[in-house]
Amino acid sequence: MTTTSHAAPFTLRSIAVPAFGPALLFSIGEGAILPVVALSARDLGASVAVAALVVTLIGLGSWFFNLPASLITLKFGERWAMVGAAVASAVALAAAALSPLLSGGLWLLAAAMVVVGMAASVFSLARQKYLTEAVPVIIRARALSTLGGVNRIGIFIGPFIGAAVMQFSGITGAYWVGVVAMAAAAVLSITIPDFVAKPAAHDGVPVQQATLRGVAVSHAGVFLTVGVGVLLLSALRASRQVVIPLWAEHLGMDATQASLIYGLSGAIDMLVFYPAGKLMDRKGRLWVAIPSTLIMGTAMLLIPLSTGFAGLLLASLLIGFGNGISSGLNMTLGADFSPDNGRGQFLGIWRFMADAGATGGPVLLSGVTAVASLGAGVAATGVLGFAAAAVFAVTIPKLKHRRNY
């Protein structure tokens, strides 16, 4: 297990550049391309449904590659896993930029998005494992909340950088912004030292390296309790990204008004991640887990009651605040319950569950809306927040003794 020198107090500032710099660059690259992927697919001849599917391939690639990502990180270490993921993403985005010039361009774009999603799963798991092992537990939540906040900031500013470049180079400019950002993330990731956790010895005999199946079985109790809360929280978070623009359209707002509301909600989201992490470190995880899910759930229930710009804006700001204070919560809980031997495998399963929720949330919204109405679908996603709060309230205190303190 990694030991930290006691010569001087550990500070986040001491690892800020290697810990958060690559994450910021990687998320800027993602943010730059997200608004244009569907448009690129349409330009290549895809229908609206197929264009939406191409965008979805990023999330699906990330979801299904979480378990292999844990094995890649274990084999190559955090540093080289991050470098490799950033390089793979840069190559994929370069291919996406060139897809209009090649035959079968739509298939190439789709394949590139799958690779971007797979690379994101490796990069995200490796940086989470790195911070879990590099940072003392006393400031763990602050570190991981900052990581979540940095990702939000990158996703927020990436589209603006992409838009600026597209003024001169067209839609492919966004992909080249992504290529540059990913390449820079790869270069900066090389500066990260590997924290290789050696299996502890028991009576002089080294402990056997954990396996993915072994970790899944031995920690099934955590995955089926706190893990369910994480799944529900992820579903709620993903749904909010769909709900705000859909309800704005339902109320007859134009794209400018909808974008303004969404942007202001995102701005609130980015402002509160560090105080929330500090609160989790000082008071405990429940002080954020329960309020954040209750706030988002309540805000979701308020959205169908809004009848104009002001009402939707207030509900959206409340969602942004709730989501902002939950920044890093999933990663912190994953770090808390992860074992020293088998941490990478544990985090891979943890992220797989979270991504399953992120995929399932919008599906729930779509299903209820198809059967009943949009208002009913939004309310149903709001109920997820109350369910997540209940799960966290019951399971986190019960399993507190299993945290890796």
Exercise for the section: Please tell me if residue 36 is at pLDDT below 95 and more than 15 Å from residue 120 (Cα to Cα). Expected result: yes
Fill in the blank from the handout: Scanning the range 26-56 residue by residue, the ones that are open to solvent by less than 40 Å² (accessible area, probe 1.4 Å) and either touching a strand residue (DSSP E or B) at 6+ places or on another chain (Cβ under 8 Å) or within 20 Å of residue 177 (Cα to Cα) (or both) total 14
Handout entry: Test result for residue 385, buried (at least 18 other Cβ atoms within 10 Å of the Cβ) and either in contact (Cβ under 8 Å) with a residue 40 or more places away in the chain or touching an Asp or Glu at 6+ places or on another chain (Cβ under 8 Å) (or both)
Key = yes
Exercise for the section: Enumerate the pairs (first residue in the range 10-25 and within 15 Å of residue 155 (Cβ to Cβ) and touching a residue at least 24 places away in the same chain (Cβ under 8 Å); second residue anywhere and of a type in the set (A, V, I, L, M) and open to solvent by 50 Å² or more (accessible area, probe 1.4 Å)) with beta-carbon separation below 8 Å, excluding pairs fewer than 6 apart on the same chain, so at least 6 apart or on different chains. Expected result: 24/153
Practice task
Within the range 211-232, identify whether any single residue is touching a Ser or Thr at 6+ places or on another chain (Cβ under 7 Å) and at pLDDT below 85, and answer yes or no.
Solution key: no
Practice task
Being of a type outside the set (Phe, Trp, Tyr) and without any contact (Cβ under 8 Å) to a residue 12 or more places away in the chain is the filter; apply it to the range 164-179 and report the residue that is surrounded by the fewest Cβ atoms within 10 Å (Cβ to Cβ).
Solution key: 167
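Every residue in the range 133-184 that is aliphatic (A, V, I, L, M) and not in a helix (DSSP H, G or I), please. Walk me through it before giving the result.
Quick first cut of the range 133-184, residues aliphatic (A, V, I, L, M) only: 134-135, 137-139, 141, 143-144, 147, 150, 153, 155, 157, 161, 163-166, 171, 174, 177, 179-184.
Within the range 133-184, 135, 171 qualify.
Condition check ((1) surrounded by fewer than 19 Cβ atoms within 10 Å (Cβ to Cβ); (2) at pLDDT below 90; (3) assigned to a helix (DSSP H, G or I)) across all residues:
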residue	(1), (2), (3)
257	yes, yes, yes
260	yes, yes, yes
269	no, yes, yes
275	yes, no, yes
Practice task
Please indicate, with yes or no, whether at least one residue in the range 3-25 is open to solvent by 30 Å² or more (accessible area, probe 1.4 Å) and modelled with pLDDT of 90 or more.
Solution key: yes
Exercise for the section: Identify, from the list 316, 327, 234, 239, the residue that is in contact with a helix residue (DSSP H, G or I) (Cβ under 9 Å, 6 or more places away or on another chain) and either outside any helix (DSSP H, G or I) or without any contact (Cβ under 8 Å) to a residue 60 or more places away in the chain (or both). Expected result: 327
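The values are calculated or read from the model by the stated rules, or taken from the named source; none is laboratory data. Here the structure is a predicted model, which is why all the values come from computation and not from measurement. As a convention, Cβ positions derive from the backbone with ideal geometry for all residues, glycine included, and neighbour counts pool all protein chains shown. Protein only, heavy atoms only, side chains kept; ligands, DNA and RNA dropped before computing areas. Shrake-Rupley method; radii C 1.70, N 1.55, O 1.52, S 1.80 Å.
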